[in-house]
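We did not get these values from a lab; they are worked out from the coordinates using the rules stated. Only a predicted model underlies this, so the values are computations on that prediction, with no experimental measurement involved. Reconstructed Cβ throughout: ideal geometry from the backbone, glycine too, with neighbour counts over all protein chains shown.
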Amino acid sequence: MFPDIYEGNIFRPPSEAYSLILQATIGCSWDGCTFCTAFAGKEFRVKTFDQIRSDVEKVLPVWGDAKRIFLADGNALCMDADELERVLKLLYSRFHSLERVSIYGGPVDINKKTQEELNRLSAAGLSMVYFGLESGSAEILKRVKKGATPEMMIEAAGKIKKAGMTFSSIFILGLGGKELSEEHAVETGRVLTGQDPDYAAALTLMLEPGAEIVREVEEGRMTLISPEEALKEIRTVVENFDATNCVFRANHASNYAPIGGTLPGDKERILSQIAGYLKDGRFKPDHFRRL
């Protein structure tokens, strides 16, 4: 409906399906991860305030009563804090029913910002940050060229939560292949414990054409895990994740089985659910996992 305000393919978290999506940045500020092709072909840049304001005015006739807005593209939290604060004030002044503005944020971009800057963004209405943890393993993070360490992942979460924003951490089953499966699961559970997110979500690795990780698999340097091994990984993550109060989900289209609950209260039920899938061998066929 508004082709002139969007560039390229647009990606958003599943929970933002009914949100208005506005591109504050084009592409990803990092765009170096070996498993990701989401922003291929896009030259990263930050939209100017005037461009964003123009986009807002174009969508207002249809989206004027929007309650939720998601700011794309990848790692839009990399924007200068003053400029992002200005955008947030614009959104809340023009969308009078607006209740929530959410965004993707990466560890490097979050940690570059001061706590005071993040506090100001929260006060201006930035409500929720989606964070790509990917793995808690230092070795896997290095291999997939995430550009961050487990300690940086925990630090970033602490700064977002201290600012009063909701924090959602996302990790990828199978990212270490068979070779590092146990390390991946144990360390991811450990780092999630350190982050103590409000939401945690599991995806399962899918090989996208053109991704660097595809060559690793083709050359035998990495072996993909099976559906059973993916379920065992998530079991180990849950076993090693001590949460305060976290909505935990593995119901993304890429996953082999839908799993969910609230931790720590539902831990035993989740583990029982996983055991049932493993016993019955009930896994989603690959042709149903396409995004």
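Numbers for the structure displayed
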| read-out | value |
| --- | --- |
| Gain on full stretching of the segment that runs from Q115 to R45 - 0.36 nm per residue minus C-alpha separation | 22.8 nm |
| The chain: antiparallel DSSP beta bridges as a percent of all, rounded to 5 | 20 |
| Label-point separation in nm, E268 to R94, each point 7 Å along Cα→Cβ | 5.2 |
| Footprinting exposure proxy for T204, T188 (fewest neighbouring C-beta atoms within 10 Å first) | T204, T188 |
| Choice from G220, G125, G194 showing the highest fluctuation, given a GNM over the chain with Cα pairs closer than 10 Å | G220 |
| Contact order relative to length of the chain, as percent, for alpha carbon pairs under 8 angstrom and 6 or more apart | 14 |
| Sorted by Cβ density within 10 Å, fewest first, the residues L278, L231 | L278, L231 |
| Selected from L173, L20, L205 as most flexible by GNM, with the chain as the system and alpha-carbon contacts under 10 Å | L20 |
| Those GluC sites (Glu not before Pro) in region 170-273 that DSSP places in a loop and that have at most 15 other beta carbons within 10 Å | E179, E219 |
| Which label in [x] 52, 43, 32; [y] 64, 54, 34; [z] 54, 40, 33 gives the computed Cα extents along the principal axes in Å | [z] |
| Length released on extending from V108 to K67, taking residue separation times 0.36 nm less the Cα-Cα span | 11.8 nm |
| Loop GluC sites (Glu not before Pro), region 39-103 (other Cβ atoms within 10 Å of the site Cβ: 13 or fewer; DSSP) | E43, E99 |
